[in-house]
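This report refers to the structure that appears directly beneath it.
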Amino acid sequence: MNRREFLKLSMATGAASYLATLPLGSLSRAFAATQGPGLSDPALQPKFATAVPNALDPGFIYDTSKGKIKVAVGQTVQNTGLVAPDGVTPVPTTVWGYGDNKIYTWPGRTFEVRSYETLEVKWENRLIDALGAPLPYILTGKDNTSVGYGDYTGRSVVDTNLHWAYSLHGYQQYSLATDGVPIVPHVHGGHSDFQFDGNPEFFFSPGWGVRGPQWVEKKYLYDNSQPAGTVWYHDHALGITRLNVYTGMAGFYIIRDDFDTGLAGNPLDLPAFPYEAAFAIQDKMFKDNGELFYPAFPGDPFYDDFITGEGATLPPALFPGGGPTGLAEFFGDHMVVNGVIWPQMNVEPRNYRLRFLNGCDSRFLAAQFFEVPPGAMDFSTATGPLPFNVIGSDQGLASSPTTGQTTLLMETGSRYDVIFDFKTVTPGNRVIMKNIGGDEPFGGDIPGPQVFGETDRVMAFDVVLPLDTAVPDVSPKGINFGPVVPTPTRLRK
């Protein structure tokens, strides 16, 4: 029995006896873990109080009509719906997002391109201050060598002992402090030539002062030679991909064609904006002051699991105070959709096309949908799970819809295209998107163990808008684009 199996068995055995002593209605907090002083408590954060931005809102889509565009990474401050420990005062979050015209967002604004039509993107690294100096890394953790235990105002969490951009042969003279944070964009799921694919060794620092050993040029050409579908873009720099994406470097890249046009009246009878939406789901941790938090030091969540618990000895000369060190996995205790914690969306009683991206670091999502009364924030009065139809995934539209599904398993980095019929919901009621995937690496257990108290819910849909009868309520009928896989004639191991 390995360590994780032992932990899961111990948790299940201990939980069974513990749950028997709990009063009815307290199960939602049974496995809740206190992450430490200075960190945001998810139980105190508002649920379904902030409207979710739609990544397919026309105002959130880049103008690519000229076939070329400049997109940069820069620093901005964004409200996520997070509040201070007093439960009232909003606390903003500093993020690194994509954007143009010096307007950066998390997630980055959406590319919407045509299948087989080329787009040229000049990616820029503007992680600099007003004087042009490199910005310090915004993810910091406890630094037990200089500040008190539990004080999350310490050093950067970048582990420079890893195989990473500035540890390569010929690059050791560079540093984050003097040369800035390296980045390289990757269109995940896109058909790209190698020089434009975002290979980790194609990285570049602000102003292209440092260029990776395989860097080619500033302009990337995307021929978009693939069917319509949901793709996404994110950073891919060597050794810090997990951190750069966590800071906000991610966004949607939507491919359209003559059938999936994104417009009302399209040949496939697919719902179009505002009845089409794209949601990037991520899990995060925050400090009380709104800053993003990522574990890397002794006493941080997961440190004992992957360092102390594994008997690892970190040389003090390389890891003063025990860190920062890269940990094998990360699971956040706040669920975030399009940069907002536990958001909601007002909908009409009709079919909606919902595109989901699992942008989490390590978390598999197993999504279900439950109907609850107006304003409900948990599942104590829920009915469901409600059925939905899956019409596409990573490689675009399916060969045919998969109808009547009640659970959608979403692996990390994956995209799924869903039709949900809100006519089946009592007008005025709410639908909560539930996650039963668990707070640990996916091992086939559904539902999985819930270590945190609030990660079983993702977002809510409130069926409160009147039906706009001027817009037909459509449901796709003509999806025949995916491959039809025949019965196998031979099996190999």
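Converting phi to 3J(HN,Hα) with the Karplus coefficients 6.51, -1.76 and 1.60 and the offset θ = phi - 60°, the range 167-173 yields 9, 5, 4, x, 10, 5, 7 Hz in sequence order, with x at every glycine or proline.
Calculated FRET efficiency, Thr469 to Ser225, Cβ-Cβ distance, R0 = 60 Å: about 0.90 to the nearest 0.05. The fraction of Cα-Cα pairs per 10 angstrom bin, counted from 0 for the range 252-349, comes to 12, 28, 21, 17, 13, 8, 1 percent, rounded to whole percents. Close amide H pairs (under 5 Å, H built 1.01 Å from N) link Val83 with Val91, residues at least 5 positions away or on another chain. Inter-label distance, Asp421 to Thr402: 1.9 nm, where each label sits 7 Å from its Cα along the C-beta direction.
Taking a straight Cα-Cα cut-off under 16 Å and skipping sequence neighbours fewer than 8 places away in the same chain, the aspartates and glutamates within cross-link reach of Lys287 are Asp41, Asp86, Asp143, Asp151, Asp300, Asp333. The amide H of Gly453, built 1.01 Å from its N in the peptide plane, has Ala33 as neighbours under 5 Å, considering only residues 5 or more places off or on other chains. Coupling constants for the range 272-284 follow from the phi torsions by the Karplus curve (6.51 cos²θ - 1.76 cosθ + 1.60, θ = phi - 60°), and in residue order they are 10, 3, x, 9, 10, 9, 10, 10, 9, 9, 9, 10, 9 Hz; glycine and proline get x. Using the average count of surrounding beta-carbon atoms within 10 Å as a protection proxy, the listed peptides 323-332, 358-367 rank, highest first, as 358-367, 323-332. Remark: the range 176-192, residue by residue, has Karplus-estimated 3J(HN,Hα) of 5, 5, 9, 10, x, 7, x, 9, 7, x, 10, 8, 7, x, x, 7, 10 Hz, where x stands for each Gly or Pro and the curve is 6.51 cos²θ - 1.76 cosθ + 1.60 at θ = phi - 60°. Per residue, the accessible area of the range 222-268 comes to 25 Å², computed with a 1.4 Å probe over protein heavy atoms only.
Which whole-number value in Å³ per residue fits the convex hull of the alpha carbons of the range 350-493?
141 Å³
For Lys122, the lysines whose Cα falls under 16 Å of its own Cα, not counting residues fewer than eight places away in the same chain, are Lys66, Lys68, Lys70, Lys102, Lys218, Lys219. All C-alpha pair distances within the range 197-328, sorted into 5 Å bins from zero, spread as 2, 7, 12, 13, 13, 13, 13, 10, 7, 5, 3, 2, 0 percent across the bins.
Maximal additional length on extending the Arg211-Thr489 stretch stands at 95.1 nm, based on 0.36 nm per residue less the C-alpha distance. Taking amide hydrogens as placed 1.01 Å from N in the peptide plane, the amide H of Thr50 sits under 5 Å from those of Gln344, each at least 5 positions away in sequence or on another chain.
Between Phe194 and Val88, the FRET efficiency from the beta-carbon distance, with R0 = 45 Å, is close to 0.30. In the chain, the DSSP beta bridges split such that about 75 percent are antiparallel, to the nearest 5.
How would you order 174-184, 122-132 from highest to lowest mean count of nearby Cβ atoms within 10 Å?
Values: 174-184: 20.5, 122-132: 15.0.
Ranking, from highest mean packing down: 174-184, 122-132.
Legend: Rg and Dmax of the range 209-272, from Cα coordinates, 16.7, 49 Å. For Asp63 and Thr383, a Förster radius of 35 Å and the Cβ-Cβ distance give a FRET efficiency of 0.20, rounded to the nearest 0.05. With the highest mean first, a sort of the peptides 70-78, 447-455 on other beta-carbon atoms found within 10 angstrom per residue produces 447-455, 70-78. By accessible area, using a 1.4 Å probe on protein heavy atoms only, the chain has 57% of its surface on carbon and sulfur.
The values are calculated or read from the model by the stated rules, or taken from the named source; none is laboratory data. Worth saying up front: this structure is predicted, and the values here are computed from it rather than measured. Virtual Cβ from ideal backbone geometry, glycine too; neighbours counted across all protein chains shown. Note: accessible area is taken over every heavy atom of the protein model, side chains too, but ligands, DNA and RNA are not part of it. Shrake-Rupley method; radii C 1.70, N 1.55, O 1.52, S 1.80 Å.
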